[in-house]
Amino acid sequence: MDKNFLWGGATASYQCEGAWDVDEKVPSMWDVYLHENDLENGDVASDHYHRYEEDIRMMKEGGQNSYRFSLAWPRIIKNKEGDVNQKGLDFYHKILDTCKKYDIEPFVTLYHWDLPQYWEETGGWLNHEVCAAFEHYAKVCYEAFGDKIINWTTFNEPKWFVANGYMIGNYPPGFQDPQKTMIAAYNVMYASALGVKAFREGGYKGQIGIVHSYTPVNGVDDSIDTRIAMRYADNYCNNWILDTAALGEFPIDLISVLAKDYDVSFMKADELKVIKENTVDFIGLNYYSRTLVKPYTGGETQLSFNHSGKKGESKVLIKGWFEQVKDPNNETTEWDTEIYPKGLQDGLIEAWDRYHLPIYVTENGVGVREDVTVDQVNDDYRISFMNDHINAIMNAMDQGADIRGYYAWASFDLYSWKNGVEKRYGLVAVDFEKEQKRTPKASYYWFKDMIESNGEKIQRREFD
Ligand code: BGP
């Protein structure tokens, strides 16, 4: 591996910081949604707000050279007028200075889903004004941190928060409405392009990209109907983010299909030009699994998501488009995520062939229930998961893909959105019951050895 390859873990502000109302932070849409619905929340989470020093030191001690995290918009911008909260900036300066102290390269996301509630109250991503507000927030961040950060990304996973928030309805704001989904998707991609534009115009050093929840698509067979279903699935899952961010264009066949049933007049020529002219420098791909599909011709759209950790609750069937199916030969987690490292290899090669941009694997991990009261969590399943996925990355690199980093999700245990803290991903165990005690898991030491061996410790194999 190249000596500049970035090895680290990733987190997100809402999922780890806690301190939800400290130092003049205003509520985010997630704070309000979870409080109002009386659901487990991230009020305290991993208390990274107060324990960042220990957390970043542990990254260094674990052999890592980078940390991917997000900035919280509601910590930094106080209101719709765009006033800046200096205390919010100060917090991230402390994080960045600690990264520097330990020689950890920051890899920073501007938006990991915590929209300020004052914007949600005006319609959130359905309100076009939020695009300009995002641009303002991005500019504030570039100005404040431009000399400390060289790796920026605009959004984390537009597909995931838009589909879940506006189509499936399991995330705030909880809509199940295709027209709203399209408007939110468009506004997010336009806002992302505005963020890229402001970065370039400001002449800041470094590079800017976007992070996508990548689910490469496979079909159950090679028939024409399955191939058509695969294209629908790829457009729904991947292309409206990656084509738009990397090539500057929404997939034309997707827009023409949608235009038959929905109003697409919200797409404006001058804004599409901004999207075309402000494509990203690199792409970040979060990989948990692929999407295996077959045609879905009968019945209505059915979408549901497993937040209970009881197998069999996830469903994705989109009328006339595709049905997501399971491969009975592969293992799945209790949350219905198929373990399929070959999908990462295939997906990386596909993304490289298609976009020819540098790629960072910005999240990869496995979420499980774990007893963290023991002296050390022996998470051999996580070690084997990471081994197989890093092997997939190496195979893709051998075939020419330009991959520059790998981030385990997550650096340490944190709050997992609607799944609460029982679904654990961390390299470091956090005992939420016991004063947030941090204890490295076996995977943390394995990751350290693997990084120190520069990847030599990975057990290599070709996938069938
Ligand atoms: C990604 C998100 C992360 C993280 C991860 C695991 O979609 O970027 O924020 O949560 O998935 O998902 P979950 O916590 O829902 O299991």
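Bear in mind that the values in this text are calculations on the coordinates, not laboratory data. Computed from a predicted model, the values in this text were never measured in an experiment. Every residue, glycine as well, gets a Cβ built from its backbone with ideal geometry; the counts of neighbours run over all protein chains shown.
Once the C-beta distance of GLU422 and GLU53 is scaled by a Förster radius of 22 Å, the resulting FRET efficiency is 0.25 to the nearest 0.05. Might you report the magnitude of the Cβ-based charge dipole of the chain about its Cα centre, with Lys and Arg at +1 and Asp and Glu at -1, to the nearest 20 debye? Around 580 debye, computed over the chain.
Applying 1/(1 + (r/R0)^6) with R0 = 25 Å to the Cβ-Cβ distance of GLU24 and ASN127 gives a FRET efficiency near 0.60. Could you tell me which of the pairs LYS3/LYS418; LYS94/LYS197; LYS80/LYS205; LYS139/LYS268; LYS260/LYS342 are separated by over 31 angstrom between their Cα atoms in the structure shown? Beyond 31 Å: LYS3/LYS418; LYS260/LYS342. Label zone (VAL325, point 7 Å along Cα-to-C-beta; backbone nitrogen cut-off 14 Å) within the range 216-255: 218-230. Think of the range 147-299 as having a plus end and a minus end, set by charges on the Cβ of Lys, Arg, Asp and Glu; of VAL211, ALA259, THR181, VAL211 sits farthest toward the positive end of this dipole.
For the chain, the residue among VAL220, ILE359, VAL84 whose Cα projects farthest onto the positive side of the dipole built from Cβ charges is ILE359.
Place a point 7 Å from Cα of ASP402 in the direction of its Cβ. Which residues in the range 124-156 have their backbone N less than 19 Å from it? It comes to 150-154, nothing else.
Note on ASN454 and ILE224: their simple-model spin labels are 5.3 nm apart, each label 7 Å out from Cα toward Cβ.
In nm, to one decimal, how far is the modelled label at VAL274 from the one at ASP90, with both set 7 Å along Cα→Cβ? Modelled inter-label distance: 3.4 nm. For the chain, the share of DSSP beta bridges that are antiparallel, to the nearest 5, is 30%. The length gained by stretching the chain between ARG200 and LYS60 to full extension, at 0.36 nm per residue less their Cα-Cα distance, is 47.3 nm. When the label point is put 7 Å from the Cα of ASP177 along its Cα-to-beta-carbon vector, which residues of the range 97-130 have a backbone N closer than 14 Å? Hits in the range 97-130 for ASP177 at 14 Å: 121-128.
The loop-placed trypsin sites (Lys or Arg not before Pro) in the range 179-267, going by DSSP, that have at most 13 neighbouring Cβ atoms within 10 Å of their Cβ come out as LYS205. Amide H contacts of LYS78 (H built 1.01 Å from N, in plane; Pro and chain starts excluded): ASP83, VAL84, ASN85 sit under 5 Å, all sequence-distant by 5 or more or on other chains. For the range 355-464, trypsin sites (Lys or Arg not before Pro) are listed when DSSP marks them as loop and at most 15 other Cβ atoms sit within 10 Å of their Cβ; the list is ARG369, LYS434, LYS457, ARG460, ARG461. Applying the criteria of a DSSP loop state and at most 13 other Cβ atoms within 10 Å to the trypsin sites (Lys or Arg not before Pro) of the range 4-63 yields no site. For VAL32 and ASP2 in one chain, what is 0.36 nm times their gap in residues minus the Cα-Cα distance, to one decimal in nm? Answer, rounded to one decimal: 6.4 nm.
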